[in-house]
Amino acid sequence: MRKTLGWLLSLVVLIGTMGAAGSTAQAATAAQPAAATDIKDQILGIPGMSLIEEKPYPGYRFFVLNYEQPVDHRQPWKGTFKQRLTLLHKDVSRPSVFFTSGYNVNTNPRRSEPTTIIDGNQVSMEYRFFTPSRPDPANWSQLDIWQAASDQHRIFTALKKIYKKNWLATGASKGGMTATYYERFYPRDMDGVVAYVAPNDVVNNEDSAYDRFFAKVGTKECRDKLNAVQREALVRREPLEAKYAVAAAENGWTFTTIGDLDKAYEAVVLDYAWAFWQYSLLADCASVPAAATASDQQIWDTIDTISGFSAYADQGLETYAPYYYQAGTQLGSPDIKQPHLKGLSRYGYQPPRNFVPRDIPMTFQPGAMADVDKWVRDNAHQMLFVYGQNDPWGAEPFRLGYGVRDSYVMIAPGANHGANVAKLMDGEKALATSKILQWAGVAPAAALADAGKAAPLAAPDAQLDQRDPEREPQLRP
């Protein structure tokens, strides 16, 4: 009897143990998460998103993509176009940076300074109407700052479902302008804005700030040296234009848009001093030849190196037609006096209308920049503007009014159009870095307690962190 009872008890325990084990196995199976969806599949799951290519890069995934956008965001049913963008993916747990140059997108992996500081993801957008991101047929009236900001807003809205952490907008030059306009029209999207060397031409017909800049920039010796080269280039117009004609024939340059070779030649020469300060440093003045004793070839070489004789040929203008269109309809453009060229200049600073094909209509809207300027002065919140002391485009900067919150304008001493946070004075560099980390939501405790301890979170990478100035037209922001 005792044996039988023992056997029954053993059987019950065995059955109970098997049942418990089965239940545990089932619970474990149910609790086990499904395999995470690959980030590429998540991105391509966004309606309207398609893959052009993926390029490998250590520590990242890098995608070149197309996104279907309305030609007119006010009337989205009237057609779409494919807008190119890139995505440098670090991790969905990291914050993201929305970068644009304001021009074409670079289809190689690149990382803007804020992306390095916060060690985040980066989305880079090609500006509408820069090929291939151009509607066909192209209604140029749909190329304006609100439409472009709306492009960014749709991309952000789509990607925010995947990249849920904080977002910053950034860009340099026209890209800095673009980041600012985006914030003006969609102020709830971003957690912060870092706008580098962003011009702010509030009143297009009032450009005396640029004249004052060129009267004081650098040293008198350097200014006089640059002015002398410009004068000599116009004094020697005949032999140097003959060289230009030969170069045009060799390179297949034509001058239908600007009108003729003479107008193109003078435009390049008049850009010389501006382009020098935009891309060079005061120390580079030593390489500028003494005009009075320079040969024709030396005058040609220094102007070609700094201004670029291809800039105003049809082939040079074609890529940047969308910029010149915007400069002539909303952004404004500088018109500096250059009194040292009096009696030699035939055309003066030529307007953007001369750089856009005549079959594209242009009408200037004087209220566009005034609206943005007023908004920034009154409403800026978590915005940082960085300028270079010796950059001509900084002569008309964004300024902040009394009502702004947690926003800053900083100037890098001696810097040109490549000014950035790293080139600021130590105190401002620490403050700027600290703010960028805070706005992104990744500031270490030490940096929160002491801005002087703020530092970029990502290690430097010479290839990823390089800037591509060749993507900007000469003399343009």
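What are the residues in the stretch 290-308 that are more than 28 Å from A209 (Cα to Cα) and surrounded by 14 or more Cβ atoms within 10 Å (Cβ to Cβ), if any?
Those that are more than 28 Å from A209 (Cα to Cα) and surrounded by 14 or more Cβ atoms within 10 Å (Cβ to Cβ): A294, D296, Q298, I299, W300.
Among the numbered conditions (1) touching a residue at least 24 places away in the same chain (Cβ under 8 Å); (2) open to solvent by less than 50 Å² (accessible area, probe 1.4 Å), tell me where R212 comes up short.
(2)
Looking at the stretch 144-172 only, could you name the residues that are of a type in the set (A, V, I, L, M) and in contact with an Asp or Glu (Cβ under 7 Å, 6 or more places away or on another chain)?
L168, A169
Mind checking which residues of the stretch 396-423 are part of a loop (DSSP other than H, G, I, E, B), under 18 Å from P199 (Cα atoms) and of a type in the set (A, V, I, L, M, F, W, C)?
Taking the stretch 396-423 and keeping what is part of a loop (DSSP other than H, G, I, E, B), we get 396-404, 406-407, 413-420.
Right, trim to under 18 Å from P199 (Cα atoms) and you get 396-401, 407, 413-420.
Within the stretch 396-423, F398, L400, A415, A419 qualify.
Considering only the stretch 381-414, state which residues are aromatic (F, W, Y), open to solvent by less than 70 Å² (accessible area, probe 1.4 Å) and under 21 Å from P187 (Cβ atoms).
Just the residues of the stretch 381-414 that are aromatic (F, W, Y), to begin with: 385, 387, 393, 398, 402, 408.
Still in the list and also open to solvent by less than 70 Å² (accessible area, probe 1.4 Å): 385, 387, 393, 398, 408.
Matches in the stretch 381-414: F385, F398, Y408.
Name, by its number, the condition in (1) open to solvent by less than 20 Å² (accessible area, probe 1.4 Å); (2) closer than 24 Å to P322 by Cα that does not hold for C285.
So the condition that C285 fails would be (2).
Can you tell me which of Y272, Y279, Y312 is under 27 Å from D391 (Cα atoms), open to solvent by 60 Å² or more (accessible area, probe 1.4 Å) and not small (G, A, S)? I'd like the intermediate steps shown before the answer.
On the way: Y272 fails: open to solvent by 60 Å² or more (accessible area, probe 1.4 Å); Y312 fails: open to solvent by 60 Å² or more (accessible area, probe 1.4 Å).
Matching residue, one of Y272, Y279, Y312: Y279.
It is to be established whether one or more residues within the stretch 251-268 are open to solvent by 10 Å² or more (accessible area, probe 1.4 Å), within 24 Å of I360 (Cβ to Cβ), among the aromatic types (F, W, Y) and in contact (Cβ under 8 Å) with a residue 40 or more places away in the chain.
Within the stretch 251-268, one or more residues are open to solvent by 10 Å² or more (accessible area, probe 1.4 Å), within 24 Å of I360 (Cβ to Cβ), among the aromatic types (F, W, Y) and in contact (Cβ under 8 Å) with a residue 40 or more places away in the chain.
Hey, P187 hits all of (1) buried (at least 22 other Cβ atoms within 10 Å of the Cβ); (2) within 19 Å of the chain's Cα centre (by Cα) but one; which does it fall short on?
(1)
Given the criterion open to solvent by 50 Å² or more (accessible area, probe 1.4 Å), of a type in the set (D, E) and assigned to a loop (DSSP other than H, G, I, E, B), identify the matching residue among D378, D461, D465, D371.
D465
List, please: which pairs have Cβ atoms under 7 Å, are six or more places apart or on different chains, and start with a residue in the stretch 120-144 that is without any contact (Cβ under 8 Å) to a residue 12 or more places away in the chain and on the phi < 0 side of the Ramachandran plot and end with one that is open to solvent by less than 30 Å² (accessible area, probe 1.4 Å) and among the aromatic types (F, W, Y)?
Within 7 Å, the pairs are A138/F129.
Residue check: is R377 within 22 Å of F98 (Cα to Cα), among the basic types (K, R) and modelled with pLDDT of 95 or more?
no
Here are some residues: D391, D406, D373. Which one is out of contact with any helix residue (DSSP H, G or I) (no Cβ under 9 Å at 6 or more places or on another chain) and either touching a residue at least 24 places away in the same chain (Cβ under 8 Å) or among the aromatic types (F, W, Y) (or both)?
Answer to the selection: D373.
Any residue at all in the stretch 156-173 that is surrounded by fewer than 19 Cβ atoms within 10 Å (Cβ to Cβ), hydrophobic (A, V, I, L, M, F, W, C), more than 30 Å from Q365 (Cα to Cα) and in contact (Cβ under 8 Å) with a residue 24 or more places away in the chain?
Yes, the conditions are met somewhere in the stretch 156-173.
The values are calculated or read from the model by the stated rules, or taken from the named source; none is laboratory data. Please read all numbers here as calculations on a predicted model, not as lab measurements. Here Cβ is always computed from backbone atoms with ideal geometry, including for glycine, and neighbour counts include all displayed protein chains. To get the accessible areas, we keep the full protein, side chains included, count just its heavy atoms, and leave off ligands, DNA and RNA. Shrake-Rupley method; radii C 1.70, N 1.55, O 1.52, S 1.80 Å.
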